[in-house]
Amino acid sequence: MSLKITKVVAAAAGFALLLGTAACSSERTDDAGGDATGASAKGGLVGIAMPTKSLERWNKDGAHLEELLKDAGFETTLQYADNKVDQQITQIQNMINQDPEVLVIASIDGTALAPVLAQAKEKDITVIAYDRLINGTADVDYYATFDNYKVGQMQGEYIVDTLGLKTGAGPFNLEPFAGSPDDNNAKFFFSGAWDVLSEYVASGKLVVPSGKAPKTNDDWASIGIQGWSSDTAQSEMQNRLNSFYGTSKVDVVLSPNDSLALGIEQALTGAGYTEGVDWPLVTGQDADQANVENMLAGKQAMTVWKDTRALGDQVASMVVQVLKGETVTVNDEKTYNNEVKVVPTFLLPPVVVTKDTVKSSLVDSGFYKAADLGL
Ligand code: BGC
């Protein structure tokens, strides 16, 4: 049986289960490698590679996607790689050895997967880049993510509106940060924010005492925090406060996500800043629980929430469309050029959450229980 035919048979089985016309498979594969026999007997095997368990969002992403695919009758193997590129490559290699129908990959280093994906392509495995684009290869078929540029734009606009920059307020002291240099998303986050903020840096209404203001969007990696590490962000913020702030205060910190924001907030506490008194405006992204708690405590002004359940839903339906041989639904076929091709993409909308909208956005939607947040 050719691989293509296997896919269609597997698709039929998977889709029958999706429609509820057959009993759901309760068999599950474990994180260590999976069940090599199950792939074609059930709805087909889907390999899911996630970057790390150390960040809350990826745990939620993986668990939700796995649950959806299992409920639809697929087998899954879900692996986390401790933010180690080689480990992720080995995991993907092991998945390929099990002949999955589809690989869903949230990459650690978006430039490091071309050789392993070439092997996937040889076996006719469909590859979906999850949240982060995979660069430098023709062997990535689809991409599903949130509108990454918009995430940064929302952070920038929040700063402009809250500080009243459009009506001439200022000058304010700003410290900008960017995400991990190996993550393709990080440049979109930074560009979105910097396209909004840079005019105020140029006019002097935003002053960057540390001098760590990239001259152009393309220089964003010069202020990138490798691996999105909270600890590195904390020491970087400590250094900036110690070296460039004598009696002056920082008014605003552009943090691209919540893991950096946590470290930055620790540094601010260490330097004696007080919530409600001289605490600066700090941005974020992901609505991680610790950061939502910090928002409620006045330590973080906003976060950009990306409902990871919606991303999982989208990717699960892409998997079904692939296996049914249907056209895969995308809504952006121009933005995500991976240096070899423009990858057909489905973009989901991010949402700004502040202290005032925690309940209406995060609790009422069931993303958190009120009790999780002490509400
Ligand atoms: C994701 C963010 C996340 C960051 C760190 C990015 O690629 O889009 O949601 O905060 O990685 O894991």
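We did not get these values from a lab; they are worked out from the coordinates using the rules stated. All values reported here derive from a predicted model rather than from experimental measurement. No Cβ is skipped: glycine too gets one built from the backbone with ideal geometry, and neighbour counts run over all protein chains shown.
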Completion exercise
Among 268, 253, 198, the residue whose Cα sits farthest towards the positive end of the charge dipole of region 148-305, when +1 is placed on the Cβ of each Lys and Arg and -1 on the Cβ of each Asp and Glu, is 198
Completion exercise
For residue 342, the residues 5 or more places away or on another chain with a placed amide H closer than 5 Å to its own amide H are none
Practice task
Jot down the per residue volume, in cubic angstrom and as a whole number, of the convex hull over the alpha-carbon atoms of region 270-375.
Solution key: 154
Practice task
Let me have the relative contact order for region 199-289, percent, based on Cα pairs under 8 Å that are six or more residues apart.
Solution key: 28
Practice task
With runs of 4+ DSSP H residues as the only contributors, calculate the mean residue ellipticity of the chain at 222 nm using -39,500 (n - 2.57) per run, divided by the residue total and rounded to the nearest 500.
Solution key: -12500 deg cm²/dmol
Fill in the blank from the handout: Quick shape check on region 125-274: root eigenvalues a ≥ b ≥ c of the Cα gyration tensor, a/c under 1.5 is rounded, otherwise prolate if a/b tops b/c, else oblate, and it reads prolate
Handout entry: Sequence-separation-based contact order of region 148-305, relative, with Cα cut under 8 Å and 6+ spacing, percent
Key = 24
Practice task
Report the one residue of 171, 88, 311 whose Cα lies farthest in the direction of the positive end of the charge dipole of the chain (charges on C-beta: Lys and Arg +1, Asp and Glu -1; origin at the Cα centre).
Solution key: 171
Exercise for the section: Run the quick spin-label model on residue 217 and residue 199: label points 7 Å from Cα toward the beta carbon, then report their separation in nm to one decimal. Expected result: 1.5
Practice task
Compare the Cα positions of 241, 97, 116 along the charge dipole of the chain (+1 at Cβ of Lys, Arg; -1 at Cβ of Asp, Glu; about the Cα centre) and return the one farthest towards the positive end.
Solution key: 241
Practice task
Would you work out the relative contact order for the chain, in percent, from Cα pairs under 8 angstrom that are 6 or more residues apart?
Solution key: 16
Exercise for the section: Arrange the peptides 107-113, 338-344 so that the one whose residues have, on average, the most other Cβ atoms within 10 Å appears first. Expected result: 107-113, 338-344
Fill in the blank from the handout: In Å³ per residue, the alpha-carbon convex hull of the chain encloses 136
Exercise for the section: Order the peptides 139-148, 240-249, 258-267, 89-98 from the highest to the lowest mean number of other Cβ atoms within 10 Å of their residues. Expected result: 258-267, 139-148, 89-98, 240-249
Problem - GNM flexibility winner over the chain from 285, 314, 300 (Cα, springs under 10 Å) - result: 314
Practice task
Excluding residues on the same chain fewer than 8 positions from residue 150, give the lysines whose Cα lies under 24 Å from its Cα.
Solution key: 60, 166, 187, 205, 212, 215, 299, 306, 334, 341, 355, 359
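Explain nothing, just the number: dipole magnitude of the chain about its Cα centre with +1 on each Lys and Arg Cβ and -1 on each Asp and Glu Cβ, in debye rounded to the nearest 20. Please list the in-between numbers first.
Numbers: 29 positive and 49 negative charges, 76 e Å.
The dipole magnitude comes to about 360 debye.
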